[in-house]
Amino acid sequence: MKFHKQLLRAACLSLGVCILACEPSEVSQEKITSVAHSPVKRQSIGNCWLYAQATWLESMLKTTTGEDINVSETYWTYWDLYGKLEKNEPIPDEEFPTGGGWKKSVRLINTYGWLKEDEFIPEEKDFVMSKAQACAVTYIQDQGKEGGTLFDVSQRTPELIRQELDKGFSCQGKYKFDMNTAYKNRHLASSTMLVDVKTREEQSLETWLGLWKEASVSGGNNWGYYEGKKLPTEAELVNYKKIEQRIKRALNDHQPVLLSWFVSFNAANEKGLFNLSTLAQAGELGHSGGHMIVLYDYTVTDVPGRGTLPEGDLSDDEKTLALSGNLEYLVVKNSWGADRPDRPWLGNGYSRLSWDYLTGRYDNEGVFSNFIRGVVLPPGY
């Protein structure tokens, strides 16, 4: 379908799509700012939200300890699948639901704590992409079919669910792990002490998780629907500018800001920049779905007396100037791996999202939805 030129800057895309869970893909690993960050990983199922949570925690741990710590997304995935199976709902025929978000990952950490990868499945501690997660989802999907151990929801018990999850995550016996021991030795959110990168204040992980909040444009935390309107209201535009400033201030202070957004791979140009012009040329969303990432840097334009301030660390004076410019694009760390030949534009684990793209809208079955879904910011921003 065609794009209307007069609506392009507002990203009014006349396209119909279904909102999906996190979409597995690729990106780049470049030391672009002094934000503490860990090596890029690659998700094997639709649980980008857990990879984003792990990236956030790894950043906080590195600020505190100075070390790269490989937090286990697989451990959290096990308990996420357990919670979903415990609801005793039929397993879908085509795809087991693996989606989630910030609030859910916070609940998981507060309930089950966290582990390093070598404390859960040691064989995967150096893996860029987990095989155990993909094995588990495939196994659970099969057992949810008629005749499978999890098909009859009335027969599911916590013991049966744990037993089947153990089988799934073992990849047919390839991996040996003991969840009971792992859980006993978990790192509690209440006793994991973390230091704020700016204030050097030390508080527990549990406390920080309660202090980091999702920003909002419309008064609630739902960024996706605005009563079917194609264009943002004047109040929404003002609020977008406020969100932009909050993001820039947090990144200026090297804080790992989280962002969830709707990916349209047709919007990425050959350099990995997601933008409206490239999407308009494609004329359709194409391969798309929800995604959650961690921000690392940004570029601003129209800075009085300077024009553009590029990527990279800025002086204190330049950071102040950057607040007066217009956000051009954000640099983000993905959970899509690095140097994938099937998506060469993803490069080294990082990609770039234009602000016009993120604050634009597309037609989701007659309801216009924002590409941006949420921003999680530290206290004080």
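Bear in mind these aren't lab numbers, they're just calculated from the coordinates by the rules spelled out. The structure displayed is predicted, hence computed values, not measured ones. Please note: Cβ atoms are built from the backbone with ideal geometry, for glycine as well, and neighbour counts cover all protein chains shown.
Can you tell me the 0 to 90 degree angle between the C-alpha axis of helix 102-112 and the longest principal axis of the chain, rounded to 10? Roughly 30 degrees between the two axes.
Expressed as a whole number of Å, what is the distance separating the alpha-carbon centroids of region 292-331 and region 130-148? With region 130-148 and region 292-331 each reduced to a Cα centre, they are spaced 45 Å.
Summing Lys, Arg as +1 and Asp, Glu as -1, what charge do residues with Cβ under 12 Å from the Cβ of residue 79 carry, residue 79 excluded? Please list the in-between numbers first.
Values: positive: 84, 104, 107, 162, 186; negative: 73, 80, 86.
Taking every Cβ under 12 Å from that of residue 79, the sum is +2.
Listed cross-link partners 131/176; 131/167; 62/131 are compared with a 19 Å cut-off, the Cα-Cα value being larger for 62/131.
With each label modelled as a point 7 angstrom along the Cα→C-beta vector, the residue 319-residue 145 pair spans 5.6 nm.
Computed over region 122-218, the percent of Cα pairs more than 19 Å apart is 63. Measure nothing but the geometry: give the 0 to 90° angle between the long axis through the Cα atoms of 158-169 and the longest principal axis through the Cα atoms of the chain, rounded to 10°. It is inclined by approximately 70 degrees.
Using the Kirkwood radius over C-alpha pairs as Rh, can you work out the diffusion coefficient of region 239-279 via Stokes-Einstein at 25 °C, viscosity 0.890 mPa s, in µm² per second? Display every interim value, and only then the final one.
Numbers: Rh = 12.1 Å.
For these conditions, the coefficient is 203 µm²/s.
When each pair of different Cα atoms in region 135-285 is counted once in the 1/r mean, what is the Kirkwood radius in angstroms, to one decimal? Kindly include the intermediate steps, with their values, before the conclusion.
On the way: mean 1/r = 0.0475 Å⁻¹.
Evaluated over region 135-285, this radius sits at 21.0 Å.
Once you have the Kirkwood Rh of region 307-381 from its Cα pairs, apply Stokes-Einstein at 20 °C and 1.002 mPa s and quote D in µm²/s.
Details: Rh = 15.3 Å.
Estimated via Stokes-Einstein, D reaches 140 µm²/s.
With respect to the cross-link table entries 116/319; 87/184; 125/333; 271/319, which display a Cα-Cα separation exceeding 28 Å? Kindly include the intermediate steps, with their values, before the conclusion.
Numbers: 116/319 35 Å; 87/184 24 Å; 125/333 20 Å; 271/319 26 Å.
Too far apart for the 28 Å limit: 116/319.
Please identify, among 116, 87, 104, the residue showing maximal mean-square fluctuation in a Gaussian network model of the chain using a 10 angstrom Cα cutoff. In the Gaussian network model the winner is 87.
Could you rank the peptides 274-281, 122-129 by their average count of other C-beta atoms within 10 Å per residue, with the highest value first?
Top to bottom by mean Cβ count within 10 Å: 274-281, 122-129.
Counting charges near residue 200 (Lys, Arg +1; Asp, Glu -1) among other residues having Cβ under 15 Å from its Cβ returns a value of -2. Once Rg and the Kirkwood radius are both taken over the C-alpha atoms of region 247-369, their ratio Rg/Rh works out to 0.99.
Just need the Rg to Rh number for the chain, please, alpha carbons only, Kirkwood Rh.
Working: Rg = 21.0 Å, Rh = 21.7 Å.
Checking Rg against Rh, the ratio lands at 0.97.
Computed over the alpha-carbon pairs of region 51-196, the distance histogram in 5 Å steps reads 2, 9, 19, 22, 20, 14, 8, 4, 2, 1, 0 percent, short to long.
So what's the angle, to the nearest 10 degrees on a 0 to 90 scale, between helix 234-252 and the longest Cα principal axis of the chain? For 234-252 against the chain, the angle is about 70 degrees.
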